[in-house]
Amino acid sequence: MLDNVAFGLVARGEPKAEAAKARDWIKTVSLDGYEIATPDTLSGGMKQRVGLARALATDTEVILMDEAFSALDPLIGADMQDLLLDLQKRMSKTIVFVTHDLAEASRRGDTIAIMKNGEIVQVGAPADILAHPADDYVARLVQVQTR
């Protein structure tokens, strides 16, 4: 797992010794002690933590999380989202979190964008979107997902 977390660092040419900072990220996502674990020995939530540590280790300004927690059970998914948001606040990173769940987006995002057919149809604070849908599509989405 350590090599997996360090992959982005090594790929961009950082010396192997420099890639050791991957260990810090493994600890940050509560996987210390699993550095030599293989993917088949990790749970789904642990695998998601490995991916998160790998993304954070490269110290990019923007992190894209595309349906990152949709395959996890709801409690583990919520825990992972909370961990991600806590890290985001501490590190001041921009995280683009893609989801098809409007309730999840409303709980987790300070700004959300609603897309239809690859086009953004509304951007705003969750409360504003819920209270003032921009068009019929957003109004139907809000109605269906807030039942």
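Bear in mind these aren't lab numbers, they're just calculated from the coordinates by the rules spelled out. Since the model is a prediction, treat every value here as computed from it, not as a measurement. Every residue, glycine as well, gets a Cβ built from its backbone with ideal geometry; the counts of neighbours run over all protein chains shown.
Can you list the residues of the stretch 100-117 with backbone N under 18 Å from a point 7 Å past the Cα of residue 144, pointing along Cα to Cβ?
100-106, 113-117, by backbone N distance to the label point.
Taking Rh as the Kirkwood radius computed over C-alpha pairs, what is the Stokes-Einstein D of the chain at 37 °C in a medium of viscosity 0.692 mPa s, expressed in µm² per second? Don't skip to the answer; put the middle values down first.
On the way: Rh = 16.9 Å.
After rounding, the answer is 195 µm²/s.
Could you work out how far helix 136-145 tilts from the main Cα principal axis of the chain, as a 0 to 90 degree angle to the nearest 10?
In the chain, helix 136-145 runs at an angle near 60 degrees to the longest axis.
So if each residue of separation counts as 0.36 nm, and I subtract the Cα-Cα distance between residue 20 and residue 123, what length gain in nm does that give? Walk me through the intermediate numbers first.
Details: separation 103, 0.36 × 103 = 37.08 nm, distance 3.97 nm.
Net length gain for the segment: 33.1 nm.
Under the rule a/c < 1.5 gives rounded, and otherwise a/b versus b/c splits prolate from oblate, where does the stretch 35-94 land using the Cα gyration tensor?
Details: a/c = 2.06, a/b = 1.31, b/c = 1.57.
Note, shape of the stretch 35-94 comes out oblate.
For residue 111 and residue 32, FRET efficiency with R0 = 30 Å and r from the beta-carbon atoms, rounded to 0.05? Before the final figure, lay out the partial values.
Details: r = 34 Å, r/R0 = 1.12.
Calculated transfer efficiency: 0.35.
Taking the chain as the reference, fit the longest principal axis to its C-alpha atoms, fit the long axis of helix 2-11 to the helix C-alpha atoms, and give the angle between the two in degrees, 0 to 90, nearest 10.
80
So which of 21/93; 89/116; 27/47 end up more than 20 Å apart, counting from Cα to Cα? Spell out each step's value before the answer.
Details: 21/93 18 Å; 89/116 29 Å; 27/47 14 Å.
Listed pairs above 20 Å: 89/116.
Measure nothing fancy, just the Cα-based angle from helix 74-91's long axis to the longest principal axis of the chain, in degrees from 0 to 90, nearest 10.
Helix 74-91 sits at roughly 80 degrees to that axis.
Compute and list, largest first, the equivalent-ellipsoid semi-axes of the stretch 65-147 from the alpha carbon gyration tensor, each √(5λ) rounded to a whole angstrom. Intermediate values should be presented prior to the final figure.
Details: eigenvalues 106, 42, 27 Å².
Each semi-axis is √(5λ); the values are 23, 15, 12 Å.
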